[in-house]
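Heads up, the thing below is written out as structure tokens.
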Amino acid sequence: MHTPPRDGDQPERPAEAARGGAGNPTGPGRTGDERRGDARRDPELDDPNLDLRTRLAILSARFAWDGQALAVGHEPTLRRLTDRTMSASTMHALEGCATRWAFEKLWPAAPDPFSPNILGNGAHTVLERFYGLPPADRSIGSAMTILRQVSAETFPGVDPLTGAVRDRWLAEVYAAFKGIFDIEDPARVDVAGRETEVRTDIAGVGFVGYVDRLDRDGDGDLVVVDYKTSSSLPKNIARWGDPHGDQQRLYLLALRQTLGEMPAAAHLHYTRLGQSKKVAQSKARLAETRDKFVLAAEKLALIGDTGILRPAPTPLCGWCPLVTVCPAARADGKVDRTDRAVPAEWLPIPVVRATLHPAPAPGDAVPDDGGPVAAAHGTTGGTEPARDPRGVPVTRLKEGQPYVEQADGDLNPNSYASMGAVDVVEMAVHALAYDGVPLTRSGVRALAGMYASIVLDVQKQVTGSSSWQDGMNSRARFLVKRVLRNLPTPLGAAAPEQWEEWAAQVTRRVLLMWEVAYGLWSDGPVDDPAGDVSAAVTAAKERLIRPGNGDRSAPLPAAPDGSAAVLPLKPRGSLPVDDHDGDTAAVADFGL
């Protein structure tokens, strides 16, 4: 296998110069691979004589809100954003909200030397120099010597204030990398490369990355090592994605292109925590990362072609600099979570259109009701919408992470909201088919709308939110489906009033179930569960209303064998609301 020369034989790479030098830490928006890249200066925004509000006014004038989309009206700014070689950090940013990514790249704020990104850059610089030492010299003492050199370069000066800031920065950078000595014995590491630039194509898309370290293992094979200074390990990768792993898989793919053979392994060293993690590199995981990379590149190309950035509200909106002015964030109920957001009036982005997708005017053509259940609007980007064999437009959507409701300004099919909507439609199709009702677009849509109104009503009463993305939406759907076992959908009802009464009954019972579930969580189990359940069930049976009998005190007739009788469960089917008197009373007994 061809491998790079040993580290001592490599010419010194201008890694720190590419970053702007240790004394010029990069800004908050420059993370991951891009901390090594061109800062792409903007003379107008970077004028040191301008205050922040003036710079933001200049930046705002280069954009315009087109409904919920953000249009870039300044060609040099658009080129600054999109004329770039794709990296792992750009891929990860574009998986989320492109609007946030763009503004953070352009945000004209001075870097905070104590931000996680800048402290991480400092730790990377120390480790890069440290692993350039001969193995026998790699001690904690030599690492501290390098750290003092880097801190002095970053904060030159002898005045007391600079000295105090330098001492604090030194302590925090040390905390960010000291765990490397718990992960490995640096003197035993066979280093093949540091800050190794990898520039190639992945699936036809240009890629650039900088590998923190390349080692040789005992068999002489290459191993990729990447430092992470995060304060915690990634959690719930299935939900939040795996950006750290994706970055290393891109390095593996790129190194295979340049070296002709895949490195044997990739490791993430969480140097603040003193822990290491081996990266999954199966064929399936590599293919998944490659496809996400290509999709992000296509998204960047589309932004460059159209000049349109489409917000995608996520749980991270509260940390976005645009949260106070973004229409999509406001519509989703997002608020600033940092207590440091600039006032909305400091971002006077003009508005050219109030709604991105205006309602059709009277007489506009709409899809024929006879078609299948499918989206009725076309794709973004000006392309002709796809059509099914019956000629009905079908939207081509892009997928993202489940916690992101929209991708490119439209529904993300992989989102929790999409899962919820599909679940409700399935409920409607099942109920209609079970009762032998012919399936039509309008019928499925109407019944799904009824189910959705119940779910969202319950959700709204419990949390105040009606977002399909919320966990309470999933809980409400689950409880509604359970209630429908005993309060089946009244497909034989003839009047709207009957449907309204049925919906109210379902809502009351779902809220009862949630109230009891919440009580279990907040109060815990009772002291005498056996006695409590015996008394409660006995009282409930005694108070049940018999069918056709309004006397709540009348006991139920005994069964033929002399045991106490109970009302039979009603089967699923097309039952009128009038047949549910007993269930209505049972819910009322619990105070609903």
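In this structure, Val516 qualifies as β-branched (Val, Ile, Thr), open to solvent by 60 Å² or more (accessible area, probe 1.4 Å) and at pLDDT 85 or above.
Within region 486-513, the only residue that satisfies the criterion of being open to solvent by 30 Å² or more (accessible area, probe 1.4 Å) and touching a Lys or Arg at 6+ places or on another chain (Cβ under 7 Å) is Asn486. Kindly provide the set of residues from region 293-320 that are open to solvent by 40 Å² or more (accessible area, probe 1.4 Å), within 20 Å of Thr200 (Cα to Cα) and not small (Gly, Ala, Ser), ordered by number. Selection gives Leu295, Glu298.
Among the residues making up region 213-225, those that are in a strand (DSSP E or B), surrounded by fewer than 22 Cβ atoms within 10 Å (Cβ to Cβ) and not hydrophobic (A, V, I, L, M, F, W, C) are Asp215, Arg216. Cβ-Cβ distances below 8 Å connect the following pairs, each with a first residue in region 258-279 that is in a helix (DSSP H, G or I), a second residue that is not polar (S, T, N, Q), and a separation of six or more residues or different chains: Thr258/Val198; Leu259/Met1; Leu259/His2; Leu259/Leu222.
One residue is enough: does region 454-469 have a residue meeting the conditions open to solvent by less than 70 Å² (accessible area, probe 1.4 Å), over 30 Å from Ala328 (Cα atoms) and in a helix (DSSP H, G or I)? No: zero hits. I'm checking my understanding of the structure. Among residues of region 297-325 that are among the hydrophobic types (A, V, I, L, M, F, W, C) and touching a Ser or Thr at 6+ places or on another chain (Cβ under 7 Å), which one is farthest from Val352 (Cα to Cα)? The selected residue is Trp319. If you go through region 410-445 and keep only what is open to solvent by less than 20 Å² (accessible area, probe 1.4 Å), closer than 24 Å to Ala328 by Cα and either in contact with a helix residue (DSSP H, G or I) (Cβ under 6 Å, 6 or more places away or on another chain) or assigned to a loop (DSSP other than H, G, I, E, B) (or both), you end up with Asn412, Ser415, Gly420. The numbered conditions (1) surrounded by fewer than 22 Cβ atoms within 10 Å (Cβ to Cβ); (2) of a type in the set (Val, Ile, Thr); (3) within 17 Å of the chain's Cα centre (by Cα) are all true for Val342 except (3). For Val294, the test of being part of a strand (DSSP E or B) and of a type in the set (A, V, I, L, M, F, W, C) is failed.
The values are calculated or read from the model by the stated rules, or taken from the named source; none is laboratory data. Only a predicted model underlies this, so the values are computations on that prediction, with no experimental measurement involved. Glycine gets a Cβ as well: all are built from the backbone with ideal geometry, and neighbour counts include every protein chain shown. Remember, those area values only see protein heavy atoms, side chains included, never the ligands or the DNA or RNA. Shrake-Rupley method; radii C 1.70, N 1.55, O 1.52, S 1.80 Å.
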